[in-house]
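Okay, so here's the structure we're looking at.
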Amino acid sequence: MIMETSPKNRRTKYRGRKGAIAFGVVLAFILVILGVGFMAMMLYMGGQNETKNAVDAGALNIGKQIVDQVSTGLSLIKPDERLYYDVTANQPNKFPPKLDVDVTMRKINRVWAKALLIGINADAAQQDQQAGSGVDNAQKAIDGAEGLSNDLQAEVIKTAKWRAWFDDIAKQNSLRMLGRDASMVPLNSSQWQSSCMMRGAESNIQLSGSAPFCLPPGYTLNPDYYTTSTRQPKPPGSEGRYFLKGYTPITVAGKTVWTIPFPYDEKTHLVSGPKFDAEKPSAQPMSWEKPIPNAFSASGNAVKSGGGMGEHASSCVIANPHEPFKMCIPHSFLKIHVEKPKTHWDFFMYGGWVQAPYGDQEYDFKNVTSQTGPVMPLGGIGVSTSFASEVNNIGLDVVGRTLDMLLFPPEFEAIGDNDTSKVENYMVNRINEMVSDPSTAQKPLTADDLHKCLNDFKTILYLQKWQDFYIWSEDGKTITCAPKEIACIMSPWLLLENNMIDNEPDGTEKKIIDENAFPAPEIQGSPTSTPLPPIPKPFVHVIDVDWGVWKEDVYWTPGSGYNGCLGTIRLDRYTVIKTLSIWV
Amino acid sequence: MRANKIHRRKTKGVGLVESIVMAIVLIPVTLFFLDLIVLVLANSINDSACKNAARVAANQKTIEDAAPAAEKAVAAYSKNSIIRSLKLLTIDYDEANHTNVKVTTQLKVHMPIPFPGYSDFTFLARDVEPILVK
């Protein structure tokens, strides 16, 4: 029996067969669409990544180049700018010196730090009532630093310069996911922004050691002005280092000093856009009128020559020269003036010891000598005249001694209250201000270094001829002491920088050691005396004796360092011959 | 009855045949796209490794430090049955002027569904970064 298939059944089967093909075609189509779409998305995302990477690299190059390539010239004509030659020249000790010196972001904190140190010296001198013209000079120095800073800021914010640095690197990076013809172009470069980030973080200016940072004796730096590394976690090697705080007003000598934050051991790196925007001076104002920014933004567009869909990206970067410096005045010196030694003659009169108003005699550093003292009317008790006569062994206190033994006589320190630590403190402070090597911030120079320098046996020879000595740093790490003629040969900048070595300190003098004394050994004389007229009865001779006392006075004149002179120590060594004559 | 049987046999096989035919087309297309995606991802990984290597090298002061640092950055990317090798091919560090560092990495990818003659691909990525330290 043949059964006919109903038209309905036939239709169903027909549909089923054609449905499989249709399903297959649709599925294939969807798969192709999905695949192509996914591929396009992957390429787009990859392209986005490449664009971002290229813009990041370009922005990083801006952060790198801006540290050294943007500059303002240092005027060697203006004295308030010229004084920063030592902290801005690449080789400040080189002879002949390079005359075209630029101030860059790498160096500007050094300029501010030198101005700050001059201000600190002036303020400390003012505390001791020895300021003289130090505060005025410090203000001039700070004005000079501010002028340089403002000039540099005007250059830094010129975005036209950033574009070339961006192109240098961004254009070298691949954009192949967007097509072979894709290339990177800067986007709205005139509107690239700058920001002042990491406010209150450390600058790259390190202080000497730990508090009180080898600053002038008695001076305390406000703890709000300095900080340890603010990075978290603290980088290795940051322990024990103290830095000036960046973007923090530091008031000194009645003026304000600023530094830019450059965190310790941090390199130029990318930062988040919202944070960048939040710390722009327009969003978060600063009291620094013309702040030098430390963060910069850049945008780039990846475009195809055919005009296809491109990508754009923005990056923000914070710059860091990655080089710490020490707060210092590298081209500076400390002067020691040694007065010619003298013999004073004292006589015991009724009211006590009186120095003869005449008869002072000089002696020298070469030979031990003998001297004849004056005749002093009424120079004793019951005498009409006392004659100190000839005294031997004058000069034992200075002959054959190094400068250190003159300034800090060891026998003096062995007895009584002959404290020379005040001199030592002033000198140790000043020698630490002149050394510039960053290693000396970690390990400041000590009193031992000072004594070692002054104990140079050559100073025995120098003393035969010279009375003025200069301590300066030739290499930024150690100190040297020599007279002018030798110092200028060793370090010509002492002469070439406007004859710096002849400059006197800008403070006023004060005696800081008053008559340290030590009984002079082996002083032998044979004084004589004549009694008063025998009224009402003849006088009887009791004694004619003399002895010597070695003495030391030290005077300190502080220098702010504005003219290179950090101060003068004036040493006065003398011998007092005391003659005692008694008739009763 | 016989004619009906013949007709039923014909119609029953068509669906299967169609499905097989469609599968023959669809499966390779799917696998092709899978391979393509693997290629794109591999290329992206190569780019990323190259960028990281260049960034790390740019943070070193000398070529002696830069090369091992870049090697280490590249080595951090794990290899598997698809990514057979990823290595630092060249590093051009401008030690004299400290301008920039150019890094090239090479990634060899083994296709998950290899096509005859196209089982392995090699990608090169190049990145240029400014040297950030002196």
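Taken together, the values in this text are just the output of simple stated rules run on the coordinates, not laboratory data. Since we're looking at a predicted model, the values are computed, not measured. In this analysis, Cβ positions are derived from the backbone assuming ideal geometry, glycine residues included, and neighbour counts consider all displayed protein chains.
How about the range A:152-214: which trypsin sites (Lys or Arg not before Pro) there are in a DSSP loop, with at most 12 other Cβ atoms within 10 Å of their Cβ? All intermediate terms of the calculation are to be shown ahead of the outcome.
Working: sites: A:LYS158, A:LYS161, A:ARG163, A:LYS171, A:ARG176, A:ARG180, A:ARG199; in loops: A:LYS158, A:LYS171, A:ARG180, A:ARG199.
Within the range A:152-214, the qualifying trypsin sites (Lys or Arg not before Pro) (loop, at most 12 other Cβ atoms within 10 Å) are A:LYS158, A:ARG180.
When the convex hull of the Cα atoms of chain B is projected onto a plane and the area is averaged over all directions, what value comes out in nm²?
Working: hull surface 40.5 nm².
Approximately 10.1 nm², given one-decimal rounding.
Of A:LYS255/A:LYS510; A:LYS340/A:LYS578; A:LYS107/B:LYS72; A:LYS510/A:LYS551; A:LYS452/A:LYS578, which ones are farther than 23 Å apart at the Cα? Provide the component values of the computation, followed by the final result.
Details: A:LYS255/A:LYS510 26 Å; A:LYS340/A:LYS578 20 Å; A:LYS107/B:LYS72 34 Å; A:LYS510/A:LYS551 17 Å; A:LYS452/A:LYS578 35 Å.
Pairs exceeding 23 Å: A:LYS255/A:LYS510; A:LYS107/B:LYS72; A:LYS452/A:LYS578.
In nm, what is the difference between 0.36 nm times the number of residues separating A:GLU390 and A:TRP547 and their Cα-Cα distance?
Working: separation 157, 0.36 × 157 = 56.52 nm, distance 1.18 nm.
Contour length minus Cα-Cα distance gives 55.3 nm.
Straight-line reach from A:LYS366: which aspartates and glutamates have Cα under 19 Å away, leaving out those fewer than 8 places along the same chain?
A:GLU339, A:ASP397, A:ASP404, A:ASP456, A:ASP468, A:GLU522, A:GLU552, A:ASP572
Under 17 Å between alpha carbons, and skipping anything fewer than 8 positions from A:LYS94 in its own chain: which aspartates and glutamates qualify?
Those aspartates and glutamates meeting the cut-off are A:ASP86, A:ASP102, A:ASP437, A:GLU474, A:ASP475, A:GLU497.
Mind checking the full-extension length gain between A:SER421 and A:GLN284? Use 0.36 nm per residue of separation minus the Cα-Cα distance, one decimal, nm. Don't skip to the end; give the middle numbers.
Details: separation 137, 0.36 × 137 = 49.32 nm, distance 4.82 nm.
Taking A:SER421 through A:GLN284 to full extension adds about 44.5 nm, to one decimal.
Where the centroid of each part is defined by its Cα atoms, how far is the range A:342-401 from the range A:411-459 in Å?
Centre-to-centre (Cα) distance: 33 Å.
When the label point is put 7 Å from the Cα of A:LEU496 along its Cα-to-beta-carbon vector, which residues of the range A:81-109 have a backbone N closer than 17 Å?
So the set is A:82-102.
Could I have the simple spin-label model distance between A:ASP475 and A:ALA164, label points 7 Å from Cα toward Cβ, reported in nm to one decimal?
3.9
For the cross-link pairs A:LYS245/A:LYS484; A:LYS275/B:LYS87; A:LYS64/A:LYS98; A:LYS78/A:LYS267; A:LYS245/A:LYS422; A:LYS342/A:LYS422, which exceed 28 Å when the distance is taken from alpha carbon to alpha carbon?
Values: A:LYS245/A:LYS484 38 Å; A:LYS275/B:LYS87 36 Å; A:LYS64/A:LYS98 25 Å; A:LYS78/A:LYS267 34 Å; A:LYS245/A:LYS422 30 Å; A:LYS342/A:LYS422 24 Å.
In this structure, A:LYS245/A:LYS484; A:LYS275/B:LYS87; A:LYS78/A:LYS267; A:LYS245/A:LYS422 lie more than 28 Å apart at Cα.
How many nm is it between the label spots at A:ASP181 and A:MET39, if each spot is 7 Å from the Cα in line with the beta carbon?
For the pair A:ASP181/A:MET39, the computed spacing is 2.0 nm.
Between A:GLU362 and A:ARG82, what is 0.36 nm times their sequence separation minus the Cα-Cα distance? Round to one decimal in nm. Show your work: numbers first, answer last.
Values: separation 280, 0.36 × 280 = 100.80 nm, distance 4.22 nm.
Fully extending the segment from A:GLU362 to A:ARG82 adds 96.6 nm.
Determine the percent antiparallel among the DSSP beta bridges restricted to the protein assembly as shown, to the nearest 5. All intermediate terms of the calculation are to be shown ahead of the outcome.
Working: 99 of 113 bridges.
The answer is about 90 percent antiparallel.
Less than 16 Å apart at the alpha-carbon level, and either on another chain or at least 8 residues along: which aspartates and glutamates does that give for B:LYS108?
Partners within reach: B:ASP35, B:ASP47, B:ASP120.
Using 7 Å Cα-to-Cβ label points, what is the A:ASN188/B:PHE32 separation (nm, one decimal)?
4.3
Taking H placed 1.01 Å from N in the peptide plane, check which residues at least 5 places from A:GLU390 or on another chain put their amide H under 5 Å from its amide H.
A:GLY373, A:SER526
Output the DSSP H helices from chain A with an along-axis C-alpha extent of no less than 18 Å and a mean Kyte-Doolittle hydropathy no less than 0.0.
Span-like helices here: A:7-69, A:105-127.
Report the far tail of the P(r) of the protein assembly as shown, meaning the percent of Cα-Cα pairs longer than 43 Å. Kindly include the intermediate steps, with their values, before the conclusion.
Working: 132501 of 257403 pairs.
Roughly 51 percent, rounded to a whole number.
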